[in-house]
Amino acid sequence: MKPILKVFLLFLISNTLYAQGPKVLIVTAHPDDETMFPATVFKITRELKGTVDLALITDASGGYNGLVASTYYDKNLTDSATGRLALPLIRKKELMCSGEVMGIRNFFFFDQLDDFYQLDPKPFFEGKRWDMAFCEKKLNKILEEGQYDYVFCLVPSAEQHAHHKTASILAIRAVQNLKAAKKPIVLGGRALNKNFTYSFDVLEGFPETRISAKAPVFYFDRSFGFGEDKKHSYMIVADWVKACHKSQSGDMNGSMHRGDLETFWYFAINEESCIEATSKFFENIRNSGFVTK
């Protein structure tokens, strides 16, 4: 190989590696859980040129609050029997619509039963609800092959649905058990309004969910106005994503154009040395595209 060609190839390779954006895996229980942080994901994929994949734990057969959606889909989606048959396909299609807005690269479906609303995650880890051995094995493989920089899940606070808590704990444990020199940073996300009073420390009975006392709450302000008359904001991205979830017309109607901040808690299982890098990550998110300081 001629020296000048060799130098040129090395230049291309180094610049390609440098240009790669952050790699993120989202782990959630239901389609529409990603509405907690869609603008952050949009900015990662569209503006930082990163890649984001999504692992969905349930089969999406629950969620019977589609009163208006029943007319749209011509099915009674408030009826559980109808929902069990129709919702898995409908809600996965809606999630893929949402993913198109956010720029999701790959979807991984675990198809565990979206059974009923409950608060206790313990039965799931005891194997009474989901096939946890299957979930753990599949998620471990995804993490090993994906080599992600970050894993996003929901903050597993006590008042949350057991499915949310179980999916988040599953993600935390998978990263803990990952046999890799560099592990992804796990963050718990939640949409909140400005001047929020919400706080989270640990989910009782699950010490792996403890939040680092040394890390700040990271955030992206999707309501920040910019452009002509400051009438533009990334809140519209969240609304686009929510609008995809038509089968959940009751919940989405109540959440449209709400939740100013996409907030992220830093779990204590992460290395303290990565706090600074995570701060830089969110600074890059705020400085990308249309700057939202």
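Under the rule of -39500 (n - 2.57) per DSSP H run of 4 or more residues, summed and divided by the residues of the chain, what mean residue ellipticity at 222 nm is obtained, to the nearest 500 deg cm²/dmol?
-12000 deg cm²/dmol
Can you pull the percent of Cα pairs in segment 23-287 with separation above 32 Å?
In whole percent, the long-distance tail amounts to 18.
Contact order normalised by length for the chain, with contacts defined as Cα pairs under 8 Å and 6 or more residues apart; what percent is it?
Once normalised by length, the contact order is 23 percent.
Round to the nearest 10 and give me the degree value, 0 to 90, for the angle of helix 162-176's Cα axis relative to the longest principal axis of the chain.
Value to nearest ten degrees: 30.
Only Cα pairs within less than 10 Å get springs; with that Gaussian network setup on the chain, which residue of G103, G66, G146 has the largest fluctuation?
In the Gaussian network model the winner is G146.
Comparing E228, E276, E144, which has the greatest mean-square fluctuation in the GNM of the chain with Cα pairs linked when under 10 Å apart?
With Cα springs under 10 Å in the chain, the top fluctuation among E228, E276, E144 is at E228.
What's the ranking of 67-76, 106-115, 195-204, 158-167 by average number of surrounding C-beta atoms within 10 Å, highest first?
Most protected by this proxy first, the peptides run 158-167, 106-115, 67-76, 195-204.
By per-residue mean of other Cβ atoms within 10 Å, what is the highest-first order of 116-126, 231-241?
231-241, 116-126
Go through 78-86, 90-98 and give me the packing order, highest mean Cβ count within 10 Å leading.
Going from most to least packed, we get 90-98, 78-86.
Tally the DSSP beta bridges in segment 23-287 and give the antiparallel ones as a percent, rounded to 5.
Restricted to segment 23-287, the bridges split so that about 40 percent are antiparallel.
Return the distance in nm (one decimal) between the two label points of a simple spin-label model at E144 and K93, each offset 7 Å from Cα along Cα→Cβ.
Between E144 and K93, the simple spin-label model gives 3.6 nm.
For helix 235-244, report the angle its Cα long axis makes with the longest principal axis of the Cα atoms of the chain; keep it between 0 and 90° and round to the nearest 10°.
Taking Cα atoms only, the helix is inclined about 50 degrees.
Calculate how steeply helix 80-102 sits against the longest principal axis of the alpha-carbon atoms of the chain, using the helix alpha-carbon long axis, and give the answer as 0 to 90 degrees to the nearest 10.
20
Taking every Cα atom in segment 33-169, find the radius of gyration and the maximum pairwise distance Dmax, and write them in Å.
Every Cα atom of segment 33-169 included, Rg and Dmax give 15.7, 43 Å.
So, R0 is 22 Å and r is the distance between the beta-carbons of K280 and N177; what FRET efficiency does that work out to, to 0.05?
0.25
Coordinate-derived values only; no laboratory data. Quick caveat, the model's predicted, so the values are computed rather than measured. Cβ atoms come from the backbone with ideal geometry, glycine included; neighbour counts cover every protein chain shown.
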